[in-house]
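Everything on this sheet refers to the single structure shown next.
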Amino acid sequence: MTEHEKWMGAALELAQEAARAGEVPVGAVVVRNGEAIACARNEREGRSDPTAHAEILALRRAGQALGRWALSGCVLYVTLEPCPMCAGAIVQARPELVVFGAFDGELGGMGSVYAMHCDERIRGNVPVIGGVRRAECEAVMKRFFETVRREK
């Protein structure tokens, strides 16, 4: 198992926790020097906060842990390709790398629909690796939305 697969596994555990809480199952982990310094899951429903995406919460917690907003030297792992809001925040935080699992063909902000991570107009310059443990990340999302549809 690669380092990226290992940390995506940690993000997947958070995504499953989010699903159990009735949140869209997305998990995120910020890693620095081989150690998780922040993790989060989606909390939009529980917080009644449209910005409480896993990525945003993980970035905030990482900044607090480091005592700075710039996350140089950090890698962000997230189970779903970040949306444009999260991609913008990620670009501002300046991690050294973003690794995501499932691609988002509707709202993906880091390659699928938008490419904010490399958009010179917003000074985007964040390397991205997509598709790590993709099938597992997609399966978590699929199960969640099948359950939601059944319950309606």
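For the range 127-143, give me the residue count where each residue is more than 15 Å from E5 (Cα to Cα) and not charged (D, E, K, R).
Selection size over the range 127-143: 4.
Test M110 against the criterion of being of a type in the set (A, V, I, L, M) and closer than 24 Å to K142 by Cβ, and give yes or no.
Yes, satisfied.
If only one of E55, E23 is part of a loop (DSSP other than H, G, I, E, B) and buried (at least 16 other Cβ atoms within 10 Å of the Cβ), which one is it?
Answer to the selection: E23.
So that you can scan it fast, the table gives a plain yes or no per residue for (1) assigned to a loop (DSSP other than H, G, I, E, B); (2) under 22 Å from M110 (Cα atoms); (3) open to solvent by 60 Å² or more (accessible area, probe 1.4 Å):
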| position | (1), (2), (3) |
| --- | --- |
| A15 | no, yes, no |
| G46 | no, no, yes |
| T51 | yes, yes, no |
| L59 | no, yes, no |
| Q64 | no, no, yes |
| L71 | yes, yes, no |
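With the range 74-143 as the region, which strands (runs of 3 or more DSSP E) entirely inside it contain at least 3 residues that are open to solvent by 60 Å² or more (accessible area, probe 1.4 Å) and among the polar types (S, T, N, Q)?
none
What's the total number of residues in the range 26-42 that are among the aliphatic types (A, V, I, L, M), farther than 14 Å from F100 by Cβ and surrounded by 21 or more Cβ atoms within 10 Å (Cβ to Cβ)?
Residues flagged as among the aliphatic types (A, V, I, L, M), farther than 14 Å from F100 by Cβ and surrounded by 21 or more Cβ atoms within 10 Å (Cβ to Cβ) within the range 26-42 amount to 2.
Among the numbered criteria (1) of a type in the set (A, V, I, L, M); (2) open to solvent by less than 40 Å² (accessible area, probe 1.4 Å); (3) in a strand (DSSP E or B), which single criterion is violated by M8?
(3)
Take the range 26-44 and flag every residue that is assigned to a loop (DSSP other than H, G, I, E, B) and on the phi < 0 side of the Ramachandran plot.
Those that are assigned to a loop (DSSP other than H, G, I, E, B) and on the phi < 0 side of the Ramachandran plot: V26, N42, E43.
Taking the range 17-46, which residues are in contact with a helix residue (DSSP H, G or I) (Cβ under 9 Å, 6 or more places away or on another chain), over 22 Å from K142 (Cβ atoms) and not hydrophobic (A, V, I, L, M, F, W, C)?
R32, G34
Write out, first by first residue and then by second, each pair whose Cβ atoms fall under 6 Å of each other, whose residues are 6+ apart or on separate chains, and whose first residue, in the range 52-70, is within 17 Å of G22 (Cα to Cα) while the second is among the charged types (D, E, K, R) and buried (at least 20 other Cβ atoms within 10 Å of the Cβ).
A54/R41
Residues in the range 128-147 that are closer than 16 Å to M110 by Cβ and either in contact (Cβ under 8 Å) with a residue 40 or more places away in the chain or touching a helix residue (DSSP H, G or I) at 6+ places or on another chain (Cβ under 8 Å) (or both): how many?
5
For every residue, the table says whether it meets (1) of a type in the set (G, A, S); (2) free of Cβ contacts under 8 Å to residues at least 40 places away in the same chain.
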{"position": "A21", "(1), (2)": "yes, yes"}
{"position": "E43", "(1), (2)": "no, yes"}
{"position": "V75", "(1), (2)": "no, no"}
{"position": "E81", "(1), (2)": "no, no"}
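The values are calculated or read from the model by the stated rules, or taken from the named source; none is laboratory data. If you're wondering where the values come from, they're calculated on a predicted model, not measured in any experiment. Neighbour counts are summed over all protein chains in view; Cβ atoms, including those assigned to glycine, are modelled from backbone coordinates with ideal geometry. Accessible surface areas use protein heavy atoms only, side chains included; no ligands, DNA or RNA. Shrake-Rupley method; radii C 1.70, N 1.55, O 1.52, S 1.80 Å.
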